[in-house]
1. Among the residues of region 107-139, what is the count of those that are in contact with a Lys or Arg (Cβ under 9 Å, 6 or more places away or on another chain) and closer than 18 Å to residue 88 by Cα?
2. Looking only at region 359-392, which residues are touching a residue at least 40 places away in the same chain (Cβ under 8 Å) and either farther than 28 Å from residue 469 by Cβ or among the small types (Gly, Ala, Ser) (or both)?
3. Go through 401, 369, 356 for me and flag whichever is within 22 Å of the chain's Cα centre (by Cα), assigned to a helix (DSSP H, G or I) and not assigned by TED's automatic domain parsing to the domain that holds residue 95.
4. Looking only at region 131-151, decide whether some residue is of a type in the set (D, E, K, R), within 21 Å of residue 237 (Cα to Cα) and assigned to a helix (DSSP H, G or I).
5. Kindly indicate whether residue 145 is under 19 Å from residue 83 (Cβ atoms), charged (D, E, K, R), touching a residue at least 24 places away in the same chain (Cβ under 8 Å) and assigned by TED's automatic domain parsing to the domain that holds residue 85.
6. Just for strands (runs of 3 or more DSSP E) wholly inside region 411-476: which have at least 3 residues that are in contact with a strand residue (DSSP E or B) (Cβ under 9 Å, 6 or more places away or on another chain) and hydrophobic (A, V, I, L, M, F, W, C)?
7. Assigned to a helix (DSSP H, G or I), in contact (Cβ under 8 Å) with a residue 60 or more places away in the chain and in contact with a strand residue (DSSP E or B) (Cβ under 6 Å, 6 or more places away or on another chain): which single residue out of 172, 91, 104 fits that description?
8. Could you say which residue among 373, 368 is within 30 Å of residue 239 (Cβ to Cβ), buried (at least 22 other Cβ atoms within 10 Å of the Cβ) and at pLDDT 95 or above?
Amino acid sequence: MEFLYGLTLPFDHNLAERDVRMIKARLKISDNLRSEHGADIFCRVRGYNFTSAEYPINLANSAFDARIARMIERRLFKEVNQRLEQMPAVAILGPRQAGKTTLALQIADKQPCLYLDLQLDSDRARLADPAPYLKEHRDKLIILDEIHRVPELFSTLRAVIDANRRAGKRYAQFVILGSASPELLRQSGESLAGRLAYTELYGVDLLEARSTPPQYSSDQSDAETSTLNQLWTRGGFPDSFLASSDRSSLLWRRDFITAYLQRDIPDLGPAIASETLRRFWTMLAHLSGALLNRSTLARSLDVNATTVSRYLDLMVDLLLVRQLKPWHGNLGKRLVKSPKVYLRDTGILHALLAIDSREQLLGHPKLGDSFEGFVIEQLLSVTPSDTTSSFYRTAAGAEIDLVLEFGLQRWAIEIRHSSAPSPSRGFHEGCRDIQATRQIVIYPGMETYTVRNGVEVLPITQLMNELGERLCKGLG
């Protein structure tokens, strides 16, 4: 028996053509997974030989095999299924290697499915005359991966969806996978308005990661802290998080950065020199958690501020960078107007900063900013869609790292990497300024307690659980 990214197969098992495509897709998303232990996958399925020559995949020892074989349960699974009950098509957008294909195939496991990887010439050839081919398979859920490679397909999808509706199939026709490129969003928005629901898949978050045994400790009582440290250090891309060692994880992330710069971003359209974009990405890593200053970036890159804005918009559109907007209100105070910028995945942040391990991270000047960005991404991954997020800062020194607003609630959140955090004076001032209904300090510990002025000190997972409950109520 061989483990195959969540699938266990006997050596010469006969599978249908559909299953072969699923296997190929699952192998694809695990490209560049590394291990010190060798043990190449070799599967023979109806004459197909999948070896490390075609798909360079190595698995670790048996303990790691077992962890790979248990897929991380993604929270988006429920949302996509619910959207498919209401809409003819659902788009799953997210960075490369975030797990979009795996999630789509999990959704399709219990129903007839046609998977087409438009990165493959053979699958694109099937769509040489797309309308008849897609109508022939209208009884299946059709998954279109890498759809940005065939942008002209969007107009055909509209006609096929409308024809299927007239034929009585109103919902669950297509799942579209893409890397959230501006062109994909423009094309789909123009052609499939009212027919397509958008969802976004990011890296694994802390609540999802708790289902996976941590690398740092085998002590069950310390498992939650160990999982937090592992996810923060390595980031949330599944192959990086699940790697057999910190070294393997770092190699994967370096390969990811190189592949994005040299292949993925050019594939998505923008003609930007890879070395220029690498410098820009690295500069953003050093600025992560700070106010955005386009003029300073422009001088460093020897370009104008408009070009910097174009580069930044691209990284935001690709879900690699977050701009957190400042809170605005009529308070009669001088408020900061520039956004703060964060790299959304701390594993990528650490790779760009040449931080090789957790030990190096703990001694690095960007430790606090890294933890702040990690917590913000974790919290925003579970906030309901009607939540407004921002930060608050005044020229006089009042500051709140994260403000969450929903309904009549306004939560002020300070993020401190400390075992005994104490709210700053600026935080108390900020809470009074914005009239916060709840005051919270998030820290890396596991205990919950209250300090002066009613400020709650909470572990990150507790607040994530609270926000997750609100999200689940919103999904019905």
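The values are calculated or read from the model by the stated rules, or taken from the named source; none is laboratory data. Bear in mind that the values here come from a model prediction, so they are computed numbers and not experimental data. FYI the Cβ positions are ideal-geometry reconstructions off the backbone, even for glycines, and counts take in every protein chain you see.
1. First pass over region 107-139, keeping only residues in contact with a Lys or Arg (Cβ under 9 Å, 6 or more places away or on another chain): 108, 111-120, 123-124, 133, 138-139.
Next, only the ones that are closer than 18 Å to residue 88 by Cα stay: 108, 111-116, 133, 138-139.
So the answer is 10.
2. 361, 366, 367, 368, 369, 370, 373, 381, 385, 389, 390
3. Only one candidate passes the filter, namely 369.
4. no
5. Here the answer is yes, as residue 145 does meet what is asked.
6. On the way: elements: 438-443, 449-451, 455-459.
In region 411-476, 438-443, 455-459 are the strands (runs of 3 or more DSSP E) which contain 3 or more residues that are in contact with a strand residue (DSSP E or B) (Cβ under 9 Å, 6 or more places away or on another chain) and hydrophobic (A, V, I, L, M, F, W, C).
7. Just one listed residue meets the conditions, 104.
8. Matching residue, one of 373, 368: 373.
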